[in-house]
Amino acid sequence: MRPRRAAVVFLSLLVVAVGTASAHQIQSSRFAAPIPLEFLFGGAGVTVAVTALWVGRTGDVTEFRTWRTPLVIPSRIATAGRYGVKAVFFVGFLVTIGHGLVGPQVEAENVATVFVWSVWIAGLGLFSVLFGSPWRTLSPWRAVYDALIRLEGREIRLLDSYPSWLASWPAFVAFVVGIGILENLTVVPRSPASTAVVVAAYAAVMVLGGIAFGEEWFRRADGLAVLYRLFGRVSPVGFAEARDGYRLRLRPPWAGCTEAVSNLSLVAFVVGAVYTVSFDGFTSTPEYQNLLFGLRDLLDSGPTTSVLIYVIGLGGFLVAFVAVSIVMTQLSARESTWRETALAFAPTVVPIAAAYEVAHYYPLVAERLGVLAALAWSIAVAPADPVTILGWLSLPAFWGSQVLLIVVGHVIAVVAAHAVAVERSVNLADARRTHLPLVALMVGYTVLSLWIISRPIVS
């Protein structure tokens, strides 16, 4: 059977399996898997491996085509829309802080907790994967800085230019602390007041940093800006300037993942994003609970044990990626360093993080959008019940969609990595040899990801 056909057959069987699962009775958020999980994990891993074999044999995916569509958004409409959504988001930012501090301190009844962690952070991540990063337009701290520039009449920068040695390490730290730890391991996301304080404090740091270092600060030091920009690499759509506006353009989802990142801080950020979205799912598994309480008893460390587990796991992922980069460098016939290899191949794993982001969060984002709409209507007009956007989606169908998204994300990552390997290698055989360690890592991570999502809900 040809590799492409094998991949299609596996994905088709998956769709059939999901349809079968939908007929099963769901009890206590668990259901019987329609096929043995070992077969599912193995099939997914084989799909990723077969994709690597296919692109390794053909080598014809390195030429990326961009399709121009006839759709052009007039400049006036684009400008009006940009300012409109900027204003709406900034108002939402202010309401978040105000309602979080003085509103009801109940998670489901406060704009801060409903909006920030799911609709804002996760929702804009999903948007970035599909359409590219909107953060340059929406960033409320960038809006404050832009207003200060208009008042001053020039760029504000009290200190010298942004230090090159800082790179994007501030953004990496912000992501690890804000999303990796605060969102996943603390009660902050359930506390409106705490959420409002975190948002206000981060906004203050961002504005002060911008005043100190200028516009470069927002591009390189803002964790959300870097995260959404990386997710935007996977987006299949983009806009190019045309004579009378902006023309919609389409591209393969791996095309934006073949351009190397500029420094090791972005390598760490990419690996951290892949790890963190998986760790969030891992915290729902029985194995994590056993590990957590076992270490608590062993170390007598209390609640900080979860942070310790997160940090150790993050370190493990970083070491694994560096090790794979070293092996790839040794296998390549081209003279290079592990650093150059890591910079080149780090973007190719972004589709994995993006796929897990979409798979893990799209139901939560949809649910919280319905709650947020009801809250907004209740505050402005009259009490209203939340809108159930995905009420029709069964648990088995949701789980099946997660599996499909994760496998597709890994396949896209394999294609992107092969394209980079071909570009950096002396011939196709060298590209296949160089690519092999990363493929092995991706296959292993595919199985690990599917195991994680299977633990809380599949019996």
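The values are calculated or read from the model by the stated rules, or taken from the named source; none is laboratory data. Quick caveat, the model's predicted, so the values are computed rather than measured. Cβ sites come from the backbone with ideal geometry, for glycine too, and all protein chains shown count toward neighbours.
Considering each of D300, D280 in turn, give the residue that is among the acidic types (D, E) and crowded, with 17+ Cβ neighbours inside 10 Å.
Matching residue, one of D300, D280: D280.
Of all residues being touching a Phe, Trp or Tyr at 6+ places or on another chain (Cβ under 9 Å) and more than 16 Å from V198 (Cα to Cα) in region 72-107, which is surrounded by the fewest Cβ atoms within 10 Å (Cβ to Cβ)? Just the residue, please.
P74
Starting from region 258-269, take each residue that is in contact (Cβ under 8 Å) with a residue 40 or more places away in the chain and list its partners that are in a helix (DSSP H, G or I) and surrounded by fewer than 21 Cβ atoms within 10 Å (Cβ to Cβ), counting only C-beta distances under 7 angstrom and pairs at least six apart or across chains.
Pairs that qualify, where the first residue is in contact (Cβ under 8 Å) with a residue 40 or more places away in the chain and the partner is in a helix (DSSP H, G or I) and surrounded by fewer than 21 Cβ atoms within 10 Å (Cβ to Cβ), are A260/L343; V261/L343; L264/R339; S265/W169; V267/L343; A268/L318.
Which residues, taken from region 123-134, are closer than 21 Å to L372 by Cβ and surrounded by fewer than 22 Cβ atoms within 10 Å (Cβ to Cβ)? Walk me through it before giving the result.
Step one: of region 123-134, the residues closer than 21 Å to L372 by Cβ are 123-131, 134.
Selection gives G123, L124, L126, F127, L130, F131, P134.
Mind counting the residues in region 133-183 that are within 18 Å of Y83 (Cβ to Cβ), aromatic (F, W, Y) and in contact with a Phe, Trp or Tyr (Cβ under 6 Å, 6 or more places away or on another chain)?
1
Condition first: among the aliphatic types (A, V, I, L, M), over 16 Å from L448 (Cα atoms) and in contact (Cβ under 8 Å) with a residue 40 or more places away in the chain. Now tell me which residues in region 301-327 satisfy that.
Of everything in region 301-327, those that are among the aliphatic types (A, V, I, L, M), over 16 Å from L448 (Cα atoms) and in contact (Cβ under 8 Å) with a residue 40 or more places away in the chain turn out to be V307, L318, V324, V327.
Could you give every pair whose Cβ atoms fall below 8 Å, whose first residue belongs to region 210-223 and is without any contact (Cβ under 8 Å) to a residue 40 or more places away in the chain, and whose second residue is part of a helix (DSSP H, G or I) and buried (at least 21 other Cβ atoms within 10 Å of the Cβ), counting only separations of at least 6 or pairs across chains?
Here the result reads R219/A225, each pair linking region 210-223 to a residue that is part of a helix (DSSP H, G or I) and buried (at least 21 other Cβ atoms within 10 Å of the Cβ).
For R251, state whether it is more than 29 Å from G210 (Cα to Cα), surrounded by fewer than 16 Cβ atoms within 10 Å (Cβ to Cβ), in contact with a Gly (Cβ under 8 Å, 6 or more places away or on another chain) and not small (G, A, S).
Against the criterion (more than 29 Å from G210 (Cα to Cα), surrounded by fewer than 16 Cβ atoms within 10 Å (Cβ to Cβ), in contact with a Gly (Cβ under 8 Å, 6 or more places away or on another chain) and not small (G, A, S)), R251 qualifies.
Look through T113, T137 and report the one residue that is surrounded by 24 or more Cβ atoms within 10 Å (Cβ to Cβ), part of a helix (DSSP H, G or I) and of a type in the set (S, T, Y).
T113
List pairs: first residue in region 134-163 and of a type in the set (A, V, I, L, M), second residue surrounded by fewer than 14 Cβ atoms within 10 Å (Cβ to Cβ) and part of a loop (DSSP other than H, G, I, E, B) anywhere in the structure, Cβ distance under 7 angstrom, at least six positions apart or on different chains.
I149/E155
Is at least one residue of region 304-312 modelled with pLDDT under 90, assigned to a helix (DSSP H, G or I), buried (at least 16 other Cβ atoms within 10 Å of the Cβ) and not acidic (D, E)?
So far as region 304-312 goes, no, none of its residues is modelled with pLDDT under 90, assigned to a helix (DSSP H, G or I), buried (at least 16 other Cβ atoms within 10 Å of the Cβ) and not acidic (D, E).
Count, please, the residues in region 70-91 that happen to be over 30 Å from V111 (Cα atoms) and either outside any helix (DSSP H, G or I) or of a type in the set (S, T, N, Q) (or both).
6
Pick out the one residue from L208, L224 that is at pLDDT 90 or above, over 30 Å from E340 (Cα atoms) and not hydroxyl-bearing (S, T, Y).
Answer to the check: L208.
Could you please find all residues in region 140-162 being assigned to a helix (DSSP H, G or I), surrounded by fewer than 17 Cβ atoms within 10 Å (Cβ to Cβ) and not small (G, A, S)?
Passing the criteria: D146, L148, I149, R150, L151, E152.
Looking for whichever is out of contact with any His (no Cβ under 8 Å at 6 or more places or on another chain), charged (D, E, K, R) and within 19 Å of A174 (Cβ to Cβ) here; the options are R220, R243, R249, R233. Which one fits?
Only one candidate passes the filter, namely R220.
Identify, from the list V270, V261, the residue that is crowded, with 17+ Cβ neighbours inside 10 Å, under 15 Å from the mean Cα position of the chain (by Cα) and on the phi < 0 side of the Ramachandran plot.
After ruling out the rest, the residue left standing is V270.
Scan region 288-300 and give yes if some residue there is at positive phi, outside any helix (DSSP H, G or I) and without any contact (Cβ under 8 Å) to a residue 12 or more places away in the chain, otherwise no. Quick ask: steps written out before the conclusion?
Initially, region 288-300 is screened for residues at positive phi, giving 300.
Of the ones still in play, those that are also outside any helix (DSSP H, G or I) are 300.
When the remaining residues are screened for being without any contact (Cβ under 8 Å) to a residue 12 or more places away in the chain, the result is 300.
Checking region 288-300: at least one residue is at positive phi, outside any helix (DSSP H, G or I) and without any contact (Cβ under 8 Å) to a residue 12 or more places away in the chain.
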